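The values are calculated or read from the model by the stated rules, or taken from the named source; none is laboratory data. Just so we're clear, the structure is a prediction, and the values are computed from it rather than from any experiment. Here the Cβ positions follow ideal geometry from the backbone for every residue, glycine too, while neighbour counts run over all protein chains shown.
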Amino acid sequence: MPAKQGIASIIYKLQRTYARGRQATRKIDRMCPDDFHELRKATKQIFYQFKFVASALKLDLNDGIDQARFLGEKLGEALDLSVLATTLSDILKDRNDCRAFNAGIADCERRMRTLFFEALPFACRLFFETPKQFGQRVSNENRSSQLA
């Protein structure tokens, strides 16, 4: 496979992952943990793809890598808290004498919402372009790096 076709294939795959992240970003205004999970999966995929492409093609994608890392960490912590709150709720649903646990569940849910709101600007910043614009930018950066 000629190098140009190989790079085009890599950029196409990046665009597909990027499109999934962009679509997931649009859904997160519903504050649904399942939607945040989808965004986290796309963010992790784009993070690892950025790292691979940056290394393989000698591109400077550090800003995107850093944003994806931060976003993934925030979403991961929020989703862990969501699971913890759900688990505690399931354990305690038949008990009325667990005020401390109920307060803990409320704390988990509050922190989860805070993390979601902290993550939202990073998701919007990371996935702000259309997939086509994103692919064109990566392609242009690749051409520029080859000329340098």
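Taking the condition of being closer than 13 Å to Asn142 by Cα and of a type outside the set (A, V, I, L, M, F, W, C), how many residues in the range 32-67 meet it?
Our first condition is that a residue be closer than 13 Å to Asn142 by Cα; within the range 32-67, this holds for 50, 53-61.
Pick out the ones that are also of a type outside the set (A, V, I, L, M, F, W, C) and you get 55, 58, 60.
Qualifying residue count for the region: 3.
Give just the number: which of (1) of a type in the set (Val, Ile, Thr); (2) under 24 Å from Thr114 (Cα atoms); (3) surrounded by 14 or more Cβ atoms within 10 Å (Cβ to Cβ) does Thr87 not satisfy? Of the numbered conditions (1) of a type in the set (Val, Ile, Thr); (2) under 24 Å from Thr114 (Cα atoms); (3) surrounded by 14 or more Cβ atoms within 10 Å (Cβ to Cβ), the odd one out for Thr87 is (3). Residues of the range 51-77 being at pLDDT below 90 and within 15 Å of the chain's Cα centre (by Cα), which ones? Answer for the range 51-77, where residues must be at pLDDT below 90 and within 15 Å of the chain's Cα centre (by Cα): Asp63, Gly64. Does Ala24 count as surrounded by 16 or more Cβ atoms within 10 Å (Cβ to Cβ), in contact with a Gly (Cβ under 8 Å, 6 or more places away or on another chain), closer than 18 Å to Phe134 by Cβ and among the small types (Gly, Ala, Ser)? Criteria not met by Ala24.
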